[in-house]
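A short write-up of the structure that comes next.
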Amino acid sequence: MLESNDNRNFMRMSINADAKVSFDKSGEVQSLDAVCLDLSAEGLSLKVPIELEKGQQLSVAIVSGGGVPSLKATAEVVHSQRLEDNSGDYLLGCRIISMD
């Protein structure tokens, strides 16, 4: 499903795909499972189990099915908010820095 928002330069596509996220925390690489909720040419949103700070750089691998390689990108967290569904998860809005 495609969505449009007047503030966006590119259309966002809902994908709800499993993702792996890695980031540096105090000199140590941390990894976690996530869900990529949507994706555009400039950004993506992720549902993650912990809070990550604005400005945190992430390596994201969006898992594909059917033998298609994972989409890999480097992204930066531009906003983070706790979901109100009592899951304890956070919604991250991320800007794509590069596609690997």
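The values are calculated or read from the model by the stated rules, or taken from the named source; none is laboratory data. It should be emphasised that the depicted structure is a prediction, and the values quoted were computed from it without experimental measurement. FYI the Cβ positions are ideal-geometry reconstructions off the backbone, even for glycines, and counts take in every protein chain you see. Ligands, DNA and RNA are excluded from the accessible area calculation, which covers all protein heavy atoms including side chains. Shrake-Rupley method; radii C 1.70, N 1.55, O 1.52, S 1.80 Å.
Give all pairs with beta carbons closer than 8 Å in which a residue from the range 33-49 that is in contact (Cβ under 8 Å) with a residue 40 or more places away in the chain and assigned to a strand (DSSP E or B) meets a residue that is of a type in the set (Phe, Trp, Tyr) and open to solvent by 10 Å² or more (accessible area, probe 1.4 Å); count only pairs at least 6 apart in sequence or on separate chains.
The qualifying pairs are Lys47/Tyr90; Val48/Tyr90.
Return yes when Arg8 is open to solvent by 40 Å² or more (accessible area, probe 1.4 Å), of a type in the set (Lys, Arg) and either farther than 19 Å from Gly88 by Cβ or modelled with pLDDT of 90 or more (or both) and no when it is not.
yes
Taking Ser45 and the conditions (1) at pLDDT below 95; (2) within 14 Å of the chain's Cα centre (by Cα); (3) open to solvent by less than 40 Å² (accessible area, probe 1.4 Å), which numbered condition does it fall short on, given that it satisfies the others?
(1)
Out of the range 11-24, which residues are touching a residue at least 40 places away in the same chain (Cβ under 8 Å), open to solvent by 40 Å² or more (accessible area, probe 1.4 Å) and more than 19 Å from Ile97 (Cα to Cα)?
Correct list: Ile15, Asp18.
Cβ-Cβ distance below 8 Å, separation of 6 or more or different chains: which pairs start in the range 85-100 with a residue that is on the phi > 0 side of the Ramachandran plot and end on one that is open to solvent by 30 Å² or more (accessible area, probe 1.4 Å) and not hydrophobic (A, V, I, L, M, F, W, C)?
From residues that are on the phi > 0 side of the Ramachandran plot, the pairs are Gly88/Pro49; Gly88/Arg82.
Report, by residue number, each residue of the range 58-87 that is over 16 Å from Ala19 (Cβ atoms) and open to solvent by 70 Å² or more (accessible area, probe 1.4 Å).
Selection gives Gly66, Gly67, His79, Gln81, Arg82, Glu84, Asp85, Asn86.
Looking for whichever is at pLDDT below 95 and surrounded by fewer than 11 Cβ atoms within 10 Å (Cβ to Cβ) here; the options are Gly55, Gly27. Which one fits?
Only one candidate passes the filter, namely Gly27.
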